[in-house]
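J.: To start, I am sharing the structure in question, which I have written as structure tokens.
What follows is calculated from the coordinates using simple rules that are stated; it is not laboratory data. Please read these numbers as outputs of a predicted model, since none were measured by experiment. Positions of Cβ are generated from backbone atoms using ideal geometry, with glycine treated the same way; all protein chains shown enter the neighbour counts.
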Amino acid sequence: MRRLLIDTDTASDDAVAILMALRHPDVQVEALTVVSGNVGLDQAVQNALYTAELCGSDVPVHAGASKPIMRTLETADYVHGADGMGDCGLPLSGRAPTPGRGADVIVDTILGSPGEITLVALGPLTNVALAVLRAPEVVDAVERVVVMGGTGVNGPGNVSAMAEYNFWSDPEAAQIVVRSGLPLELVGWDISIDSAVVDAERHAQMRAMDTKYSRFAVDIAQVVREFAMNNGLEGDDLPDPIAMAHAIDPGPAEVARLWVDVMVGDGPQRGVLDVDQLGITGSAPNIDLVTHYPNEHFFGMLFDLLQD
């Protein structure tokens, strides 16, 4: 049984990733910690609570950071819809999170079960950075840290030419985490657009399933699907779900061990990965960078978990 702690800025693809974890028979989700990002914190909390309820789970959901460490929050609701969930009419209000701050929950969960917890970070890394700053000992106590963030050695970005939204949103937090010594496995946006695009055929397959989970996944993606197709993709892509697939089953992944840093300035360098592919810096590799995850394996897992 793999024990996951999920940190999320819950919007449409986060919700599908959470569903995958909650429904997988070999996964125990210890808690969801929520961070602002795709949407504001309060909306992201409600989205996480709704997703857990849909899955019949009573997993605790904890609110975390409401803004980046040093910057003003800039959401991605223009991608996911005003509510982050495709504006499809879901009742996304009125649920109460569990007491406890996100960063504190990360620290307490990891230190409470040293060597047993995989932290899966699906949003900006604010909560994770605050946890590391509060308790540096989590670096040695966590089993794995799977991060959906950044983009591969050659880009592209989805918020600038070379930057992915999660790292761009809070680059200072991303830099803290990347430099922390955590056992990081990075699944960038490039992996999603290579292996996790819901093209017309897969979209039709999801609709044909006609389960409450497949309908949910299709409905909440309607805004991001239109956005993605207007920006050159063949359908909506699923960066958080493919990161979750890697967290659950890393076996099929191709991985490169490299030295990586995150740029924190303004302008085109903000949130961009600095990847030393040739060892020019002489710095010891610090990141397992996923370079490929097979789309057949990913969609096979996803479609199995969307069944009733």
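J.: Could you tell me which residue out of 307, 54, 217 lies farthest along the dipole of the chain toward its positive end? Charges go on the beta carbon: Lys and Arg +1, Asp and Glu -1, centred on the Cα centre.
T.: Going by the charge dipole, the pick is 54.
J.: Could you give me D for the chain, from Stokes-Einstein at 25 °C and 0.890 mPa s, where the hydrodynamic radius is the Kirkwood radius over C-alpha pairs? Units µm² s⁻¹, please. Intermediate values should be presented prior to the final figure.
T.: Values: Rh = 18.8 Å.
Answer from the Stokes-Einstein relation: 130 µm²/s.
J.: Nearest 20 debye, what's the magnitude of the dipole of the chain about its Cα centre given +1 on Lys and Arg Cβ and -1 on Asp and Glu Cβ? Walk me through the numbers on the way to the answer.
T.: Details: 17 positive and 44 negative charges, 91 e Å.
So the dipole magnitude of the chain works out to roughly 440 debye.
J.: Please identify, among 231, 38, 286, the residue showing maximal mean-square fluctuation in a Gaussian network model of the chain using a 10 angstrom Cα cutoff.
T.: Highest fluctuation among the options: 231.
J.: Right, something else. Test of understanding: ordering 23, 3 by Cβ neighbours within 10 Å, fewest first, what list do you get? Don't skip to the answer; put the middle values down first.
T.: Values: 23 17, 3 14.
Lowest count first: 3, 23.
J.: What are the ³J(HN,Hα) values, in whole Hz, obtained from phi via the Karplus relation 6.51 cos²θ - 1.76 cosθ + 1.60 with θ = phi - 60°, for each residue of the range 56-65 in sequence order, with x given for Gly and Pro?
T.: Listing the rounded values in order: x, 10, 9, 4, x, 10, 10, 6, x, 6 Hz.
J.: Which order do peptides 232-238, 9-15, 29-35 fall in by mean Cβ count within 10 Å, highest first?
T.: Numbers: 232-238: 19.9, 9-15: 31.6, 29-35: 26.9.
Order by mean packing, descending: 9-15, 29-35, 232-238.
J.: Hey, got the Cα dimensions of the range 1-131 along the principal axes, in Å, largest first?
T.: 39, 35, 23
J.: Still on this structure, I have one more. Can you give the alpha-carbon Rg of the range 189-308 over 2.2 N^0.38 Å, where N counts its residues?
T.: That works out to 1.26 for the range 189-308.
J.: How far is the Cα center of the range 1-66 from the Cα center of the range 229-298, in Å?
T.: Taking the Cα centre of each part, the range 1-66 and the range 229-298 sit 22 Å apart.
J.: Still on this structure, I have one more. Across the range 268-281, in residue order, what do the Karplus-derived ³J(HN,Hα) couplings come to in whole Hz, using 6.51 cos²θ - 1.76 cosθ + 1.60 with θ = phi - 60° and x for Gly and Pro?
T.: Along the range 268-281, the couplings run x, 8, 4, x, 7, 6, 9, 10, 8, 6, 10, x, 5, 6 Hz.
J.: Along the Cα→Cβ direction, 7 angstrom out, place labels at residue 78 and residue 208. What is the inter-label distance in nm?
T.: 3.7 nm
J.: For residue 39, list long-range residues whose amide hydrogen, built 1.01 Å from N in the peptide plane, is under 5 Å from its own amide hydrogen.
T.: Under 5 Å from the amide H of residue 39 lie the amide H atoms of 76, each far enough along the sequence or on another chain.
J.: Moving to a separate point now. Mind listing the phi-derived Karplus ³J(HN,Hα) values for the range 33-42, rounded to whole Hz, using 6.51, -1.76 and 1.60 with θ = phi - 60°, and x for any glycine or proline?
T.: Here the 3J(HN,Hα) series is 10, 10, 10, 6, x, 3, 9, x, 4, 4 Hz.
J.: Further, regarding this structure: Using modelled backbone amide H atoms (1.01 Å from N, in-plane), which distant-in-sequence or interchain residues come within less than 5 Å of residue 274's amide H?
T.: Sorted by chain and number, the residues that satisfy this are 261, 262, 263.
J.: Okay, next question. Just check the range 186-256 against the gyration tensor rule for me: Cα atoms, a ≥ b ≥ c as the square roots of the eigenvalues, rounded for a/c under 1.5, and otherwise prolate or oblate depending on whether a/b exceeds b/c. The partial results should precede the final answer.
T.: Details: a/c = 2.24, a/b = 1.39, b/c = 1.61.
Verdict is oblate for the range 186-256.
J.: Still on this structure, please answer the following. For residue 3, what residues show an amide H to amide H distance below 5 Å, using hydrogens built from the backbone and excluding near sequence neighbours?
T.: Under 5 Å from the amide H of residue 3 lie the amide H atoms of 28, 118, each far enough along the sequence or on another chain.
J.: Among 206, 244, 20, 229, what is the fewest-to-most ranking by other Cβ atoms within 10 Å?
T.: Details: 206 21, 244 32, 20 26, 229 15.
Placing the least packed residue first, the sequence is 229, 206, 20, 244.
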